[in-house]
1. State all residues of segment 34-67 that are outside any loop (DSSP other than H, G, I, E, B), open to solvent by 60 Å² or more (accessible area, probe 1.4 Å), of a type in the set (A, V, I, L, M) and more than 18 Å from Val20 (Cβ to Cβ); if no residue qualifies, say none.
2. With Arg71, Arg93, Arg99 as the choices, which residue is touching a residue at least 40 places away in the same chain (Cβ under 8 Å) and of a type outside the set (Val, Ile, Thr)?
3. Is it true that some residue in segment 39-52 is aliphatic (A, V, I, L, M) and under 13 Å from Ala95 (Cα atoms)?
Amino acid sequence: GGPPLTARALAAGRVAAPAVLFLAAADSRSVLLDLDGSELLVVAFALAAWRCRAHLDKGVLLAWSMHVVMRAILGPMRLLQWVQLVTALDALRSARLRRDAEARAADAKLRQDEG
């Protein structure tokens, strides 16, 4: 019984992530203030993916891991930040389009089975 594991993890993450950020902000020196632009974009992408429920999408995971590796190798660069922004937005958009297409296909199959 109960909701599936993914739903429970998502619900827990929606409570835990803001709580962790709130507790970090209560410190005299927040960890987020020490991050550069590229690192902030990596964090923002992860939070946006979680919020959009796309954190388990293969394209999003691939793009996010690419961001982490590029940041580790290249360091803070203005061009890298633009690449991160564009790829993050595209990955989230693509995940949404895939999810919508899957929902439409499931709906069409359900209608076909009923009729």
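1. The answer is Leu61, Leu62, Met66.
2. Going through Arg71, Arg93, Arg99 in turn, just one is touching a residue at least 40 places away in the same chain (Cβ under 8 Å) and of a type outside the set (Val, Ile, Thr): Arg99.
3. yes
The values are calculated or read from the model by the stated rules, or taken from the named source; none is laboratory data. Quick caveat, the model's predicted, so the values are computed rather than measured. We place every Cβ from the backbone using ideal geometry, glycine too, and count neighbours over all the protein chains shown. Side chains are part of the model used for accessible areas, which takes the heavy atoms of the whole protein and leaves out ligands, DNA and RNA. Shrake-Rupley method; radii C 1.70, N 1.55, O 1.52, S 1.80 Å.
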